[in-house]
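The values are calculated or read from the model by the stated rules, or taken from the named source; none is laboratory data. What you are looking at is a predicted structure, and each value in this text was computed from that prediction instead of being measured. All Cβ positions, glycine included, derive from the backbone under ideal geometry; neighbour counts span all protein chains shown.
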Amino acid sequence: MPRTRRTLLVAALLAGACRTPPPPAAPPAEAGEVRDAALEARLAALAREVDGDVGIYVRHLRTGRTAALRADETFPTASLIKVPILVGVFDAFRTGRLDPHATLVYRDSLAYPGADLVAKLRDSARVPLQKVALHMITTSDNTASLWLQGLVGGAAVNAWLAAHGFDSTRVNSRVPGREADRTRMGWGQTTPREMARLLTAIRDGRAVSRAASEEMYRYLTRIYWNGEALSQLPPWVQAASKQGAVDRSRSEVVLVNAPSGDYVFAVITRNQRDTTYAPGNQGYVLLRRVSALLWREFEPGRPWAPDPAAAALKPADEGP
């Protein structure tokens, strides 16, 4: 090699060795996503108020504006897992494994400890399957949810999720082979991005079928637990949602049918130091603050805040 070329090559190698390495690449964006770094920074400031891990995913569906914080990490679902179970129920309607007009017979052995209404049925009571499904979503009834999971099969729910590109969202409890995941994450696991994607698929008519998606969306707009993210939205705006809470995690996924265009967000915490179930729990406060921030961000021409007295009228959290 000529001396001049060798000298240039050595110089280039030295320059490369001294150059500051580039920052790690961000996770690849989904089609149509437009990252909003300013919004991410404001969400990150809220997340820092929580003593624990926080994952957030936000997307404005018309414009693609997106913000993501740890959105592809796995978090416990708590009761968010009831959305995939609902999908599993409607997929069983589609295949004929379940009859949407079936009447179920309740047995005391199905009761799950807690304040569930379904668990208060008398033994041998007859109840329409779809009423059980509505209780699973609307009041987050655990007895109803486990009853339906038993009918559908957690493994069948997981198979649907895997077949439709949900790589992280899974039912863990009462599913053979997932005992270690249950010990680590509880009833189910997901990522903020995947939970938002699932709710968006239902909104868009792409979960199971258009007819199934329409009915599931109706269920998800009838939520009893409206004291957190939903409390920061005007009551005249429809929103589909599901909430979750266990001692060290709080979560909520919401799709807002806002006047200027729908937007979806999922907020999930894990490893929270604050394990209380009072309204001031750090996770609950985060859910309210994120929801209020996003309404102001996406609907600047429609300022709204709840009446301070409304908080006293919200359902009281009864614990896990």
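Odds and ends about this structure:
- Every residue from region 123-145 that is without any contact (Cβ under 8 Å) to a residue 24 or more places away in the chain and either in contact with a Ser or Thr (Cβ under 7 Å, 6 or more places away or on another chain) or part of a helix (DSSP H, G or I) (or both): Arg126, Lys131, His135
- Only listed residue being surrounded by fewer than 24 Cβ atoms within 10 Å (Cβ to Cβ), in contact with a Pro (Cβ under 8 Å, 6 or more places away or on another chain) and over 23 Å from Leu220 (Cβ atoms), chosen from Asp274, Asp247, Asp307: Asp247
- In this structure, Thr20 qualifies as hydroxyl-bearing (Ser, Thr, Tyr) and at pLDDT below 95.
- Those residues of region 250-271 which are outside any strand (DSSP E or B) and either among the aliphatic types (A, V, I, L, M) or more than 16 Å from Gln189 (Cβ to Cβ) (or both), in sequence order: Asn257, Ala258, Pro259, Ser260, Gly261, Asp262
- The residue pairs whose first member lies in region 195-216 and is at positive phi, whose second member is assigned to a helix (DSSP H, G or I), and whose beta carbons are closer than 7 Å, counting only pairs six or more residues apart or on different chains, are Gly205/Ser213; Gly205/Glu214; Val208/Val87; Val208/Phe90; Val208/Asp91; Val208/Arg94.
- Residue that is nearest to Leu39 (Cα to Cα) [pool: residues in region 276-311 that are touching a Gly at 6+ places or on another chain (Cβ under 9 Å) and of a type in the set (Phe, Trp, Tyr)]: Phe298
- Region 145-180, residues that are over 21 Å from Leu220 (Cβ atoms) and buried (at least 19 other Cβ atoms within 10 Å of the Cβ): Asn172, Val175, Arg178
- Lone unmet requirement of (1) in a loop (DSSP other than H, G, I, E, B); (2) under 14 Å from the mean Cα position of the chain (by Cα) for Gly165: (2)
- If the condition is being of a type in the set (Gly, Ala, Ser), assigned to a loop (DSSP other than H, G, I, E, B) and surrounded by 19 or more Cβ atoms within 10 Å (Cβ to Cβ), then region 196-210 contributes only Ala207.
- Subset of region 297-320 [of a type outside the set (A, V, I, L, M, F, W, C) and under 26 Å from Pro259 (Cα atoms)]: Glu297, Glu299, Pro300, Gly301, Arg302, Pro303, Pro306, Asp307, Pro308, Lys314
- Checking each residue in region 306-317 for being closer than 13 Å to Pro234 by Cα and free of Cβ contacts under 8 Å to residues at least 40 places away in the same chain picks out only Asp307.
- Residue check for Lys120: closer than 29 Å to Ile268 by Cβ and of a type in the set (Lys, Arg): no
- Residues being without any contact (Cβ under 8 Å) to a residue 60 or more places away in the chain and out of contact with any Phe, Trp or Tyr (no Cβ under 8 Å at 6 or more places or on another chain) - total across region 253-277: 5
- Pairing residues of region 32-51 that are over 20 Å from Arg273 (Cα atoms) with residues that are exposed (fewer than 11 other Cβ atoms within 10 Å of the Cβ), at Cβ distances under 8 Å and at least 6 apart in sequence or on separate chains, gives Arg35/Ala26.
- Subset of region 231-249 (residues that are farther than 21 Å from Arg62 by Cα and either assigned to a helix (DSSP H, G or I) or under 10 Å from the mean Cα position of the chain (by Cα) (or both)): Ser231, Gln232, Lys242, Gln243, Gly244
- The lone criterion from (1) of a type outside the set (D, E, K, R); (2) crowded, with 19+ Cβ neighbours inside 10 Å; (3) within 23 Å of Lys131 (Cα to Cα) left unmet by Val256 is number (3).
- Check on Leu148, touching a helix residue (DSSP H, G or I) at 6+ places or on another chain (Cβ under 6 Å), part of a helix (DSSP H, G or I) and over 26 Å from Lys314 (Cβ atoms): yes
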